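J.: Here you go, one structure.
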Amino acid sequence: MIVLSTAEGNRLARRLADALDAELAPVEEDRFPDGEQIVRVPPELEGTAILVHSMVPPQDENLVKGLIALDAARENGADRVIAVIPYVAYSRQDRRFEPGEPVSFRAVARAISANADAFVTVDLHEPRTLEFFDVPAENVTAAEEIGRYLRERFEGEELAVIAPDEGARELAERVASVCDAEHDHLEKERISGEEVRIHPKELDVEGRTVVLVDDMIDTGGTMIEAARALREQGAGELYAACTHALLTRNAASRLLAAGFRDIIATDTVPTPYERVSAASPVAEALRRLTG
Ligand code: R5P
């Protein structure tokens, strides 16, 4: 078994290779004069090749890189190619929101399925979209790892773990159960035609340290709006935690300027805010798929 890592596979690939006692090899990356990408893997592969590649921004470039790297693994002797794509691009366009739009994630899932024998990801935006894959597909969660980190970092504090919306409620609940915290999600209450109040559904956060938990932080807009609402409820220190820290449009600075004490993220996306590794649940999924 060999673990192939692109630059975006980063430290997660190293940790997976260690956990699986497998060889680690980089995917070499280059460009043709016209800008098209070319990748190279070790030319005499055998057995199972695991490609670790995160489809972070620029997504289109990384989507193509992932697909051609999978093809390279197959073309160079791997009997079986497993795509570990901890963050998959286009996962939020998981249905047709407006007439004329595509289900982009289904197109991405089909392209991955055509080039890999199995697929593993982490905290997929909408877990039911695993059904878009035509090969065995697993979605693992980093909730336990995030929860353990919070338990150690905030030992002795009465934390509140809050999801900024209902979509993240289950993730927040799982994180909270590991760090023995209370949890809730924010909901929008329409007060009048013009006025909307955002507040925790049930919890009183006054004076409490709050960790907001979401599957991803992209521009930071969701977290910043949630922070504003929590401050109005009298919350104490605020922390932003997520699995995938995309942090586009200077999101990190904007989050810190908005009063977040720290950003807590995993290694599914290369980021200086990586505090937690998703390697353990991904390695377990790989053992199930290869065992
Ligand atoms: C949306 O449903 C997701 O779970 C995230 O809340 C969202 O994508 C975060 O994006 P942003 O940071 O740009 O608000």
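The values are calculated or read from the model by the stated rules, or taken from the named source; none is laboratory data. Everything numeric in this text was worked out from a predicted model, so none of it was measured. A quick note on method: Cβ atoms are made from the backbone with ideal geometry, for glycine too, and the neighbour counts reach across all protein chains shown. In case anyone asks, the SASA skips ligands and DNA or RNA and just uses the protein heavy atoms, side chains included. Shrake-Rupley method; radii C 1.70, N 1.55, O 1.52, S 1.80 Å.
J.: Can you give the Rg and Dmax of the range 81-203 based on its C-alpha atoms, in angstrom?
T.: 18.0, 55
J.: Build a GNM of the chain with springs between Cα atoms under 10 Å: which of V135, V161, V84 gets the top mean-square fluctuation?
T.: Per the Cα network of the chain with a 10 Å cutoff, V135 tops the list.
J.: Assigning unit charges at the beta carbon (Lys, Arg +1; Asp, Glu -1) and nothing else, what dipole magnitude in debye, to the nearest 20, does the chain show about its Cα centre?
T.: The calculated dipole for the chain is roughly 200 debye.
J.: Further question on the same structure: Under the rule of at least 5 residues apart or a separate chain, name every residue whose amide H is placed under 5 Å from the amide H of T6.
T.: Here the answer is V27, V52, since their amide H atoms fall under 5 Å of that of T6.
J.: Out of all Cα-Cα pairs in the range 143-267, roughly what percent, to the nearest whole number, are more than 24 Å apart?
T.: 19 percent
J.: Per the Debye formula with a single identical scatterer at each Cα and no solvent contribution, what log10 I(q)/I(0) holds for the range 1-159 at q = 0.16, 0.19 Å⁻¹?
T.: After summing over all Cα pairs, the log10 values are -0.91, -1.18.
J.: Where in the range 72-144 are there chymotrypsin sites (Phe, Trp or Tyr not before Pro) that are in a DSSP coil and have at most 15 other Cβ atoms within 10 angstrom of their Cβ?
T.: Of the chymotrypsin sites (Phe, Trp or Tyr not before Pro), the ones in loops of the range 72-144 whose Cβ has at most 15 other Cβ atoms within 10 Å are F97.
J.: Moving on to the next point. Which value at 222 nm does the chain reach when only helices count, each DSSP H run of 4 or more adding -39,500 (n - 2.57), with the total divided by all residues and rounded to the nearest 500 deg cm²/dmol?
T.: -9500 deg cm²/dmol
J.: Probe of 1.4 angstrom, ligands and nucleic acids ignored: what's the accessible area per residue over the chain, in square angstrom?
T.: 46 Å²
J.: Now a separate question. Which whole-number percent gives the relative contact order of the chain, counting Cα pairs below 8 Å spaced six or more residues apart?
T.: RCO, the chain: 15 percent.
J.: If you look at just the Cα atoms of the chain, how large are its Rg and its Dmax in Å?
T.: Taking only Cα atoms of the chain, I get Rg and Dmax of 20.0, 67 Å.
J.: Please list, in order along the range 218-232, the HN-Hα scalar couplings obtained from phi with the Karplus expression 6.51 cos²θ - 1.76 cosθ + 1.60 (θ = phi - 60°), rounded to whole Hz, x for Gly and Pro.
T.: 9, 7, x, x, 4, 5, 5, 5, 5, 5, 4, 5, 5, 4, 4
J.: Give me the percent of accessible area attributable to carbon and sulfur for the range 245-291, probe 1.4 angstrom.
T.: Carbon and sulfur together cover 46 percent of it.
J.: Got a sec to turn the phi values of the range 78-89 into Karplus ³J(HN,Hα) couplings, 6.51 cos²θ - 1.76 cosθ + 1.60 with θ = phi - 60°, whole Hz, x for Gly and Pro?
T.: Values, residue by residue: 4, 6, 9, 10, 10, 8, 9, 10, x, 10, 9, 5 Hz.
J.: Sorted by packing (mean other beta-carbon atoms within 10 Å per residue), highest first, where do 30-37, 252-259, 163-170 land?
T.: Top of the packing list down: 163-170, 252-259, 30-37.
J.: For the range 143-267, with the dipole built from +1 on Lys and Arg beta-carbon atoms and -1 on Asp and Glu ones, taken about the Cα centre, which of P200, L246, G236 lies farthest toward the positive end?
T.: The one lying farthest along the dipole's positive direction is L246.
J.: Going by amide H atoms built from the backbone, whose H comes under 5 Å of the H on E187, apart from near neighbours?
T.: H199, K201
J.: Distance between Cα centroids, the range 240-277 to the range 8-26: provide it in whole Å.
T.: The range 240-277 and the range 8-26 have Cα centres spaced 23 Å from each other.
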